[in-house]
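K.L.:
The structure's right below; bear with me while I get my questions together.
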Amino acid sequence: MNGTELRNISFHGIGTPNGPEREPDEHRYWVTESAFLHVLDLCADHRDTIRLSFDDGNASDAATALPALQERGLTADFFPIADRLGTPGNLDEDALRALAAAGMGIGTHGAAHRPWTHVNPADQHIELQDARTRIATAIGAPVTTAACPFGAYNRKVLRALRTAGYRTVFTSDARPAHSGRWLQPRYSVEATDTPESVRTRMLAPRTTSGRVLDRAVLMVKAWR
Ligand SMILES: [Zn+2]
């Protein structure tokens, strides 16, 4: 099944991170509000071929991203971390419900923000099933999409996600995606990005050889 080519663009925190890094390199993925708004304007210009998402459930999802999306008539998918809901600097259940009520997609980014490639079977259940149930209970609707923490996946993780019934799974492979496909690669916006770098790095048309490379890389990653 070959859907329309599109580009998935993901954000993390907007503004200044709260306190020390929660994991190495976290600050690399925080963008200033001004950079965020400029990149979002660019995304609005390409709304038919771009799909937006926000990982980690930072409080800025509701405080900054939601009004900016609404002003531009855009929607996005949000992937909160179940263990962080209601903790300082993060979305609480009310904020999650507000995002859902505004027509945003709510998925899961797992329980404790650890790579799903490195969890034992009991923790895998906590990450893929329990976390989803907690988020679904909070919004009062089923959760059918997941974003892999740190973009980490392998064949085993994908099989577990399929078994758990997820309809769409988002990764961070920095390659174009196709609508309707189960696995959706995304580009992550980083602290140093500008509308120009996003345009060059994420929106440029792929050459024929680039497309062949994309397919090969994604196939290898899914079968490791
Ligand atoms: Zn994350």
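K.L.:
Is the range 97-105 home to any residue that is within 13 Å of the ligand (Cβ to nearest atom) and crowded, with 23+ Cβ neighbours inside 10 Å? Explain how you work it out, then say what you get.
P.N.:
First, pick out the residues of the range 97-105 that are within 13 Å of the ligand (Cβ to nearest atom): none.
Checked the range 97-105: no residue is within 13 Å of the ligand (Cβ to nearest atom) and crowded, with 23+ Cβ neighbours inside 10 Å.
K.L.:
Within the bounds of the range 115-133, is there any residue that is farther than 30 Å from Arg224 by Cβ and over 15 Å from the mean Cα position of the chain (by Cα)? Walk me through how you get there before you give the answer.
P.N.:
The first filter runs over the range 115-133 and keeps only residues farther than 30 Å from Arg224 by Cβ, leaving none.
No, the conditions are met nowhere in the range 115-133.
K.L.:
Can you name every residue in the range 114-128 that is touching an Asp or Glu at 6+ places or on another chain (Cβ under 7 Å) and assigned to a loop (DSSP other than H, G, I, E, B)?
P.N.:
Going through the range 114-128, the residues touching an Asp or Glu at 6+ places or on another chain (Cβ under 7 Å) turn out to be 116, 119.
Val119, the sole residue that qualifies.
K.L.:
If you don't mind, there's one more thing I want to ask. Considering only residues of the range 138-147 that are without any contact (Cβ under 8 Å) to a residue 60 or more places away in the chain and out of contact with any helix residue (DSSP H, G or I) (no Cβ under 6 Å at 6 or more places or on another chain), which is surrounded by the most Cβ atoms within 10 Å (Cβ to Cβ)?
P.N.:
Thr144
K.L.:
Can you tell me which condition Ala152 does not meet? The list is (1) hydrophobic (A, V, I, L, M, F, W, C); (2) within 16 Å of the ligand (Cβ to nearest atom); (3) more than 13 Å from the chain's Cα centre (by Cα); (4) surrounded by fewer than 15 Cβ atoms within 10 Å (Cβ to Cβ), and all the others hold.
P.N.:
Only one criterion is unmet by Ala152, namely (3).
K.L.:
Does Gly180 satisfy the criteria of being among the small types (Gly, Ala, Ser) and over 26 Å from Pro142 (Cβ atoms)?
P.N.:
Details: among the small types (Gly, Ala, Ser): yes; over 26 Å from Pro142 (Cβ atoms): no.
No.
K.L.:
Residue by residue through the range 134-149, note down the ones that are in a helix (DSSP H, G or I) and more than 16 Å from the ligand (Cβ to nearest atom).
P.N.:
As a first pass, look at the range 134-149 and keep what is in a helix (DSSP H, G or I): 134-139, 149.
Result: Arg134, Ala136, Thr137, Ala138, Ile139.
K.L.:
Now for a separate question. So, in the range 62-80, how many residues would count as being within 12 Å of the ligand (Cβ to nearest atom) and either in contact (Cβ under 8 Å) with a residue 60 or more places away in the chain or among the charged types (D, E, K, R) (or both)?
P.N.:
Summing the residues that are within 12 Å of the ligand (Cβ to nearest atom) and either in contact (Cβ under 8 Å) with a residue 60 or more places away in the chain or among the charged types (D, E, K, R) (or both) in the range 62-80 gives 1.
K.L.:
Taking the residues in the range 1-39 that are acidic (Asp, Glu) and modelled with pLDDT under 95 as candidates, determine which candidate is nearest to Ala112 (Cα to Cα).
P.N.:
Just the residues of the range 1-39 that are acidic (Asp, Glu), to begin with: 5, 21, 23, 25-26, 33.
Those left that are additionally modelled with pLDDT under 95: 5, 21, 23, 25-26.
Numbers: Glu5: 32, Glu21: 15, Glu23: 11, Asp25: 17, Glu26: 15 Å.
Applying the filter and picking the extreme gives Glu23.
K.L.:
Looking at the range 172-193, which of the residues that are of a type in the set (A, V, I, L, M) and farther than 10 Å from Asn8 by Cα is farthest from the chain's Cα centre (by Cα)?
P.N.:
Applying the first criterion (of a type in the set (A, V, I, L, M)) to the range 172-193 yields 174, 177, 183, 189, 191.
In the following step, the residues that additionally are farther than 10 Å from Asn8 by Cα were identified as 183, 189, 191.
Numbers: Leu183: 12, Val189: 11, Ala191: 16 Å.
My answer is Ala191.
K.L.:
Still on this structure: So, Arg84, is that one touching a strand residue (DSSP E or B) at 6+ places or on another chain (Cβ under 7 Å), within 15 Å of the ligand (Cβ to nearest atom) and either without any contact (Cβ under 8 Å) to a residue 24 or more places away in the chain or basic (Lys, Arg) (or both) or not?
P.N.:
Numbers: touching a strand residue (DSSP E or B) at 6+ places or on another chain (Cβ under 7 Å): yes; within 15 Å of the ligand (Cβ to nearest atom): yes; either without any contact (Cβ under 8 Å) to a residue 24 or more places away in the chain or basic (Lys, Arg) (or both): yes.
For Arg84, the condition - touching a strand residue (DSSP E or B) at 6+ places or on another chain (Cβ under 7 Å), within 15 Å of the ligand (Cβ to nearest atom) and either without any contact (Cβ under 8 Å) to a residue 24 or more places away in the chain or basic (Lys, Arg) (or both) - is met.
K.L.:
Tally up the residues in the range 41-75 that are assigned to a helix (DSSP H, G or I) and more than 28 Å from Arg114 (Cα to Cα), please.
P.N.:
At the first step, the residues of the range 41-75 found to be assigned to a helix (DSSP H, G or I) are 41-45, 60-71.
Remaining after also requiring more than 28 Å from Arg114 (Cα to Cα): 41-45, 67-71.
Residues in the range 41-75 being assigned to a helix (DSSP H, G or I) and more than 28 Å from Arg114 (Cα to Cα): 10 in total.
K.L.:
Within the range 87-112, can you find the residues that are assigned to a loop (DSSP other than H, G, I, E, B) and touching a strand residue (DSSP E or B) at 6+ places or on another chain (Cβ under 9 Å)?
P.N.:
To start, the set of residues in the range 87-112 that are assigned to a loop (DSSP other than H, G, I, E, B) comprises 87-89, 91-92, 102-104, 107, 109-112.
Within the range 87-112, Gly89, Leu91, Met104, Gly107, His109, Gly110 meet the criteria.
The values are calculated or read from the model by the stated rules, or taken from the named source; none is laboratory data. If you're wondering where the values come from, they're calculated on a predicted model, not measured in any experiment. For neighbour counting, all protein chains shown are included, and Cβ atoms are generated from backbone atoms with ideal geometry for every residue, glycine included.
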